[in-house]
Every structure is written in C-alpha cells, then in structure tokens.
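Notes follow once the structure below has been shown.
The values are calculated or read from the model by the stated rules, or taken from the named source; none is laboratory data. All values reported here derive from a predicted model rather than from experimental measurement. Backbone-built Cβ (ideal geometry, glycine too); neighbour counts: all protein chains shown. Surface areas here come from the heavy atoms of the whole protein model, side chains and all, with no ligands, DNA or RNA. Shrake-Rupley method; radii C 1.70, N 1.55, O 1.52, S 1.80 Å.
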Amino acid sequence: MTDNANDSPADMLFAVGMKYDWRQSQSPAAATLARAAFQQAATMGHTGAIRALAHMIFEGGGGGQDKEHALLLLWSAFIRRDNSALEELADMLESYAESIENPSICKAATETSQHIEELDMRLQQVESFMRKLANARSIEKHA
C-alpha cells in the first residue's frame with residue numbers, strides 16, 4: 001500500500017491522522033483525533049498508520065499507554081513488508097528495555113534490539129546486491 005493521500009480511504013485517514021499528529025503536543029483533542037484516524041487506517045492495513053499508531057500507543061498519546069502492544073504493532077508493520085518498521089522496532093525495543101524493571105526481560109529486549117539492528121543491516125546488504133544484480137542483468141540484455 002502506498003502512502004499517497006489520494007489513493008485510498010486508508011491513505012486519506014492516514015493524512016488526517018498526520019494533520020492532527022502535528023498538533024498533538026498543543027491539544028489533547030488533536031492527539032485523540034490523530035490516534036483514532038491512525039487506528040482506522042491501520043485496521044485497513046496502512047503500514048504507515050500502523051507505525052504511527054504504535055508510537056502513539058507506546059507513549060500514551062491520545063489514549064492509554066501499552067508498550068507491548070506498540071511493539072507488536074511495529075512487528076506487524078514489518079511483517080507486512082514495511083522495512084521502515086524494522087529500525088523503528090529496534091529503537092522502540094531499546095526504550096522499552098530501559099523502562100523494564102525485570103532484569104531478564106530487560107536483557108532479552110536489549111538483545112532482541114541488537115539482533116534487529118543486525119538484521120536490518122544484512123537486509124540492506126541483500127537489497128544492495130540485488131539492485132546490482134538487476135542492473136548488471138539489464139546491461140547484459142541491452143548489450
């Protein structure tokens with residue numbers, strides 16, 4: 001799914017959410033409206049909205065705070081092929097680890113964050129190689 005505000009109802013809801021999201025620090029009502037719009041767009045599968053909703057839920061913007069739910073939302077965005085969610089998940093896991101009192105969960109969250117960062121780096125290497133391969137193939141076909 002694209003993030004172009006003219007493509008679908010989910011895109012339009014995401015755009016509305018972003019409009020209110022910019023104002024959420026000035027108004028609790030704006031935060032509530034942003035979260036509601038992101039929730040609706042996320043329900044429709046809009047991965048940008050899923051990521052935005054995850055951040056709001058992690059921080060408690062526009063409603064209740066649920067850090068574990070936020071982490072799961074970012075994971076679901078990544079599973080839907082939104083690679084931007086992977087880096088955000090690593091960052092959020094680091095913040096999550098800092099807020100956890102249980103040492104074993106804190107350690108597991110920190111290690112998972114590190115694994116995600118390594119995975120992100122390796123995926124970038126794979127993407128780079130595949131682009132080079134596609135370019136080389138294109139040149140061979142035109143030669």
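Rolling a 1.4 Å probe across the protein heavy atoms gives the range 30-143 an accessible surface of 62 Å² per residue. With semi-axes defined as the square roots of five times the eigenvalues of the C-alpha gyration tensor, the equivalent ellipsoid of the chain measures 31, 24, 10 Å, largest first. Taking a ≥ b ≥ c as the square roots of the eigenvalues of the Cα gyration tensor of the range 78-143, is the shape rounded (a/c under 1.5), prolate (a/b larger than b/c) or oblate? The shape class here is prolate. For K141 and E101, what is the calculated FRET efficiency with R₀ set at 41 Å and r taken between the beta-carbons, to the nearest 0.05? E between K141 and E101, to the nearest 0.05, is 0.10. Multiplying the residue separation of E118 and Q26 by 0.36 nm and subtracting their alpha-carbon distance yields 29.4 nm.
Of the heavy-atom accessible surface of the chain (probe 1.4 angstrom), what whole percent is carbon and sulfur? Each step should come with its number before you reach the end.
Values: 5010 of 9120 Å².
Looking at the chain in its full context, I get 55 percent from C and S.
Given their separation in residues at 0.36 nm each and the Cα-Cα distance between them, Q125 and E59 gain 20.5 nm when the chain is fully extended.
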